[in-house]
Amino acid sequence: MLRYLCTVMLLLLSLLGCKSKKVKADQLPAETITFGSGGGFTGQVQEYVLLENGQLFHRARIGGELKELEMVKKREAKACFEKARFIPWREIGEGEPDNIYYYIVYKTSEKAQKHTWGKQIGRTVAPIDSLYRMLGACLPNEKQ
């Protein structure tokens, strides 16, 4: 009986150890994907920060507080990060914003790569457009 109890305890401890640790909005890791849109008549900005563990944060205005949203499936978050890692950011450049603009910032411990474009989704290069659509599909109101 004692052997069974020890085995169960070890199994539970190992499962708990595998779970991704949540971080607070003020302690974000070095690698993040920040994306959003802004501009227009009001200048309103909607910004999201995705972490590879699936945590998603939202900021409703520039300088506003980051609030945690519903978790994204870890495999979806990982797919977004894999795509971001292989985008030729330097070749694509920073882009050109317009009155209404969209942006993605892929940040690592070494550097931050940013691309901004104007007016409509689809008016930028294919890898950026594809990543932005993947990220948008992770938002709680976009899930079906």
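The values are calculated or read from the model by the stated rules, or taken from the named source; none is laboratory data. It should be emphasised that the depicted structure is a prediction, and the values quoted were computed from it without experimental measurement. Heads up, the Cβs are rebuilt from the backbone with ideal geometry, glycines too, and the neighbour counts pull from every protein chain shown.
Going through segment 43-81 one residue at a time, which ones are of a type in the set (Gly, Ala, Ser), within 11 Å of the chain's Cα centre (by Cα) and closer than 22 Å to Thr116 by Cα?
Ala77, Ala79
Collect the residues in segment 35-85 that are under 21 Å from Asn99 (Cβ atoms), polar (S, T, N, Q) and touching a residue at least 12 places away in the same chain (Cβ under 8 Å), keeping them in residue-number order.
Result: Ser37, Gln44, Gln46.
So, Gly39, is that one farther than 18 Å from Asp129 by Cα, at pLDDT 95 or above and surrounded by 13 or more Cβ atoms within 10 Å (Cβ to Cβ) or not?
Here the answer is no, as Gly39 does not meet what is asked.
Within segment 65-112, work out how many residues are closer than 18 Å to Glu31 by Cα, aliphatic (A, V, I, L, M) and assigned to a strand (DSSP E or B).
Qualifying residue count, segment 65-112: 3.
Which residue out of Lys83, Lys114, Lys78 is in contact with a Ser or Thr (Cβ under 9 Å, 6 or more places away or on another chain), farther than 18 Å from Glu47 by Cα and of a type outside the set (Val, Ile, Thr)?
Lys83
From the set of residues in segment 65-105 that are of a type outside the set (A, V, I, L, M, F, W, C) and surrounded by 18 or more Cβ atoms within 10 Å (Cβ to Cβ), which is farthest from Val23 (Cα to Cα)?
Among those that are of a type outside the set (A, V, I, L, M, F, W, C) and surrounded by 18 or more Cβ atoms within 10 Å (Cβ to Cβ), it is Gly95.
Among the residues of segment 115-134, is there at least one that is touching a strand residue (DSSP E or B) at 6+ places or on another chain (Cβ under 6 Å), within 28 Å of Lys24 (Cα to Cα) and not in a helix (DSSP H, G or I)?
Yes, segment 115-134 contains at least one residue that is touching a strand residue (DSSP E or B) at 6+ places or on another chain (Cβ under 6 Å), within 28 Å of Lys24 (Cα to Cα) and not in a helix (DSSP H, G or I).
When the residues of segment 42-64 are filtered to those that are touching a strand residue (DSSP E or B) at 6+ places or on another chain (Cβ under 9 Å) and in a loop (DSSP other than H, G, I, E, B), which remaining residue is surrounded by the most Cβ atoms within 10 Å (Cβ to Cβ)?
Gln55
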